[in-house]
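Here's the structure, in structure tokens; my notes come after.
The values are calculated or read from the model by the stated rules, or taken from the named source; none is laboratory data. These numbers come from a predicted model, not from an experiment. In this analysis, Cβ positions are derived from the backbone assuming ideal geometry, glycine residues included, and neighbour counts consider all displayed protein chains.
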Amino acid sequence: MISEQAKQRMRELAKRYPAARSAVLPALYIAQEEEGYITREGIDAVADVIGITPDDVESVATFYTMYHKQPPGKKVIKVCTSISCYLRGCDKLMQHLEQRLGIKAGETTPDGNYTLQGVECLASCGTAPVLQVNGEFVENVSLHDADALLDELDKELKAKKYEPRTEARL
């Protein structure tokens, strides 16, 4: 359920732009922050506050990979698949993570701990291959580094020390 406080934050954001529809991206982040992913209610709330149709909001939410369309895992791993990362082995990194987690890109582990995604360009080409875990960059990732990272994330999850499911930094 989208809180009135979240709707008010969306209204305040919309005031910052010459055209309110320009606030749809950050408003979607607020909706995602509220519920962990983009729900029908979140789309409707953004549409109502911004003053555009729910179809327009949904087209934005489904176009961008930073919005979750389903409940994500506690740890969302996004692997950059752009040309720079590809030349530095992101395809092997993705295959390794898929094998280690037992899922394919775009899926969430059955225990709800991990979501693995391939994304286009994380804008860190000089440190390829790169990935993000819940919005935090991990750069120059080797297969060994990926194993160490997953081991550390497993420890955090067992200790129940993990970030919320959102990546919003508003």
Would you be able to say whether some residue in the range 104-114 is under 30 Å from S22 (Cα atoms) and outside the structural domain of T39 (by TED's automatic domain parsing)?
yes
Give the residue, chosen from G106, G73, that is under 18 Å from the mean Cα position of the chain (by Cα), touching a residue at least 12 places away in the same chain (Cβ under 8 Å) and surrounded by fewer than 13 Cβ atoms within 10 Å (Cβ to Cβ).
G106
Restricted to the range 16-38 and to residues being buried (at least 19 other Cβ atoms within 10 Å of the Cβ) and in contact with a His (Cβ under 8 Å, 6 or more places away or on another chain), the residue nearest to Q5 (Cα to Cα) is Q32
Checked the range 60-113 for anything among the hydrophobic types (A, V, I, L, M, F, W, C), more than 20 Å from A128 (Cα to Cα) and assigned to a loop (DSSP other than H, G, I, E, B); matches are I103
Please find, within the range 146-170, the residue that is modelled with the lowest pLDDT out of those that are under 14 Å from Q132 (Cβ atoms) and loosely packed, with under 15 Cβ neighbours inside 10 Å.
R169
Every residue from the range 92-132 that is of a type in the set (K, R) and farther than 15 Å from D154 by Cα:
K92, K104
List pairs: first residue in the range 39-54 and crowded, with 18+ Cβ neighbours inside 10 Å, second residue part of a loop (DSSP other than H, G, I, E, B) and not hydroxyl-bearing (S, T, Y) anywhere in the structure, Cβ distance under 7 angstrom, at least six positions apart or on different chains.
G42/I2; A45/I2
Scanning the range 132-163 residue by residue, those farther than 17 Å from R88 by Cβ and part of a strand (DSSP E or B) turn out to be V133, E136
